[in-house]
Ligand SMILES: [Ca+2]
Ligand SMILES: [Ca+2]
Ligand SMILES: [Ca+2]
């Protein structure tokens with residue numbers, strides 16, 4: 001399970017995103033609207049994946065097992081869009097939900 005640190009030049013966290021027993025990195029840089037997952041291949045060698053192109057300014061990031069099924073999900077929050085990004089490697093696609101106080105999407109709440 002990863003920890004969350006927030007400081008310039010962006011937000012990053014780490015954890016085993018793809019459940020292969022090595023540590024991967026997640027990053028969103030200041031002034032960069034993208035969210036990246038860096039998959040660790042060999043020790044210290046990483047492959048870059050883009051989780052989102054248009055996420056705006058990230059406020060926080062975390063790699064944690066949200067649903068308790070034994071593998072980690074990636075969570076990022078956005079200042080600009082008000083979204084919470086949740087990426088589950090098993091589903092291979094990022095999910096994004098607006099907070100329940102956003103009345104433009106009442107069906108999600
Ligand atoms: Ca991994
Ligand atoms: Ca790996
Ligand atoms: Ca999980």
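Here the simple spin-label model places points 7 Å from the Cα toward Cβ, and for residue 54 and residue 92 these points are separated by 2.3 nm. Residue separation of residue 43 and residue 79 scaled by 0.36 nm, minus their Cα-Cα distance, works out to 9.6 nm of gained length. Computed over the range 1-92, the alpha-carbon pair-distance distribution with 10 angstrom bins reads 18, 54, 26, 2, each value a whole percent.
Values in this text are rule-based calculations from the coordinates and carry no lab data. Please read all numbers here as calculations on a predicted model, not as lab measurements. Cβ sites come from the backbone with ideal geometry, for glycine too, and all protein chains shown count toward neighbours.
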